[in-house]
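Participant: What follows is a structure written as C-alpha cells; I'll ask about it next.
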C-alpha cells in the first residue's frame, strides 16, 4: 500500500513562510492570493513531502467558533513536523547558509541523522534520514 501525507500549518504571513521554506530547498507546489495580493494559501514541497501554509484571517468575526478557537491558539505550540529524506546534510547546509534558527544541530542519533529548525511561526521542523532507510 502506498501512502502519502501532507500537513497544514496556520501561519501569520504565508509569503514570509514560503520564503523561509524555499531557503531550505522546498519548491512552491501551489499558491492562492487574496484580494490584498498577499498569499492566503500555499503548498511547499521537497520530494514527496508537502507542507500547506494557510494565512489566519485578521478578522475572525463571522467565522465558526471552533475554527476561530483553533487558529487563535499559540502557533507552533508543541508541533513538530518531520521530513524524512536522504540529503539531510544538504538541507542542513542550506539552513546554516540562510541563517534559519537551528534548534538542534545535525547529529547522529539512535534513530538516524537529524537536525531541527524553528520556522517563523514557531513550528519545529525536523529533517531526518532514518537509520537503514536510505542506504
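Bear in mind that the values in this text are calculations on the coordinates, not laboratory data. Just so it is clear, the model here is predicted, and its values are computed rather than measured. Note that each Cβ is placed from the backbone with ideal geometry, even for glycine, and that neighbours are counted across all protein chains shown.
Participant: Restricting to DSSP H runs of at least four residues, report the calculated mean residue ellipticity at 222 nm for the chain, -39500 (n - 2.57) per run over all residues, nearest 500 deg cm²/dmol.
Facilitator: Values: 3 runs with 28 residues, N = 135.
Theoretical 222 nm ellipticity from helices: -6000 deg cm²/dmol.
Participant: What list do you get for 73, 113 if you sort them by fewest beta carbons within 10 Å?
Facilitator: 73, 113
Participant: Across all directions of projection, what mean area in square nanometres is found for the Cα convex hull of the chain?
Facilitator: 9.7 nm²
Participant: Right, here's the next one. Of all DSSP beta bridges in the chain, what percent run antiparallel (nearest 5)?
Facilitator: Beta bridges within the chain, antiparallel portion: roughly 70 percent.
Participant: Separate question: How far is it, in nm, from the label point at residue 77 to the one at residue 23 when both lie 7 Å from their Cα along the line to the Cβ?
Facilitator: The two pseudo-label positions are separated by 2.7 nm.
Participant: With an 8 Å cut-off on Cα pairs and a minimum separation of 6 or more residues, tell me the relative contact order of the range 6-130 in percent.
Facilitator: Computed over the range 6-130, the figure is 24 percent.
Participant: On C-alpha positions alone, give me the angle between the axis of helix 88-97 and the longest principal axis of the chain, in degrees, nearest 10.
Facilitator: It is inclined by approximately 60 degrees.
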